[in-house]
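We did not get these values from a lab; they are worked out from the coordinates using the rules stated. Note that the structure is predicted; figures quoted are calculated from it, not measured. When we count neighbours, we look across all protein chains shown, and the Cβ atoms used for this are built from the backbone with ideal geometry, even at glycine.
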């Protein structure tokens, strides 16, 4: 409904929404990778410069497919992936002091 009542062209509305979504998603990925590596000390075994584009592609797929439900599913998928990385790291090292 906003599109019909706004004085801008539909393509500029869509492009601006995509640009803002990509910027916000990129910031979320950077914060997540920073917290994962520096705050929690979790090493994924994959360099951040490789992991960032992969996560960005997952996020773009979520935006492209649309819908709040799908975005929440992708968010849960990210949480599960990082949880599995943490679980794997913990299972490989039985000393809890080395985990954090």
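Assorted remarks:
- Most tightly packed first, judged by the mean number of other beta-carbon atoms within 10 Å of their residues, the peptides 14-21, 54-61 read 54-61, 14-21.
- Estimated distance in nm for a label pair at residue 19 and residue 39, the labels positioned 7 Å out from Cα along Cα-to-Cβ: 3.0
- Compactness of region 6-92, expressed as Rg and Dmax over alpha-carbon positions, Å: 15.5, 58
- Contour minus Cα-Cα distance for residue 5 and residue 78 (0.36 nm per residue): 22.6 nm
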